[in-house]
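The values are calculated or read from the model by the stated rules, or taken from the named source; none is laboratory data. Treat the numbers as computed from the prediction; the structure is a model and nothing was measured. Cβ atoms come from the backbone with ideal geometry, glycine included; neighbour counts cover every protein chain shown.
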Amino acid sequence: MSTRPTPPPADAIASDVARALAEDIGSGDVTAALLPDAADIAYLLCKEAAIVAGSPWFEACHRALDPEVRIDWRVRDGDRVQPGTVLATLAGRTRALVTAERSSLNFMQTLSGTATATAAYVDAVRGTGCTVLDTRKTLPGLRLAQKYAVLCGGGRNHRIGLYDAVMLKENHVRAAGSLAAAIRTARQAQPSLPLIVEVETLAQLDEALSEGCERILIDDFDADARREAVRRAKAAPYAGRIPLEVSGGVDLTTLRSIADDGVDFVSIGGLTKHVHAIDLSMKLGPAP
């Protein structure tokens, strides 16, 4: 079943689109100005297998230049499509269609790439009970867009930024003096926010389990240490109440074995930073 996530707020999408169009159009599309500004039609074609994502940005690009443009979608974000699929047809003015083409495709190809990569990781852990998470390793200025694309691919979002969860990592622990001190300070200062604690050793894991938090990130543990971490977190008196997240050294060749060890989450920066753009094109004329 296709995932149907809720897009970011319309003003966030409009801001993304305004920056993209300003970057591309500048003082004006001098090539489109050579064309007769007549009524025309076009279609959006996907040339490879993909998970679709980015339609709100695609639409916003075209509507910014032609508010009367008609866009009829044949698929929805989260759908899995095959090469040669016509994703949408458009009816509008020639100049606006060709001027919006590149920016609208840039959004669709990038976000569909993120969604497609995410779906591959989600498929790899299916049946294990492990959840695939993204990270903050996103393209600058496109965090909400890429986080949305991860949802389209069936993954889940980690924290959105530095404001919606406390996450204690190596540098925070060093500055605080100890892991326990960092946890206690975080609890006192931000009692309403989720607390995620990164640990680098089994001793730190024990400390985090004892102090308590919402999630423990075991960073770069080898397989034996990872399995021991799972055993300790699920044993009495903790009984699995604090979920474990794995980060570091995760790709499609290692993911399944990590998930089979019993961890609850795997966070993967490559979903959003190693983007393989999906091959899309927009062509004037009737759809095939």
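Kindly list, by first and then second residue, each pair from a residue in region 90-102 that is surrounded by 21 or more Cβ atoms within 10 Å (Cβ to Cβ) to a residue that is of a type in the set (Lys, Arg), limited to pairs with Cβ atoms under 9 Å and residues at least 6 apart or on different chains. Partner pairs satisfying both residue conditions: LEU90/ARG70; GLY92/ARG70; ALA100/ARG63. Taking region 1-40 as the range and being more than 21 Å from ALA149 (Cα to Cα) and either in contact with a Pro (Cβ under 6 Å, 6 or more places away or on another chain) or hydroxyl-bearing (Ser, Thr, Tyr) (or both) as the test, the residues that pass are SER27, THR31.
Does region 55-68 include one or more residues that are outside the structural domain of LEU144 (by TED's automatic domain parsing), in a strand (DSSP E or B), out of contact with any helix residue (DSSP H, G or I) (no Cβ under 9 Å at 6 or more places or on another chain) and modelled with pLDDT of 95 or more? For region 55-68, residues outside the structural domain of LEU144 (by TED's automatic domain parsing), in a strand (DSSP E or B), out of contact with any helix residue (DSSP H, G or I) (no Cβ under 9 Å at 6 or more places or on another chain) and modelled with pLDDT of 95 or more: absent. Would you mind stating whether GLY127 is without any contact (Cβ under 8 Å) to a residue 12 or more places away in the chain and part of a loop (DSSP other than H, G, I, E, B)? So GLY127 passes the test.
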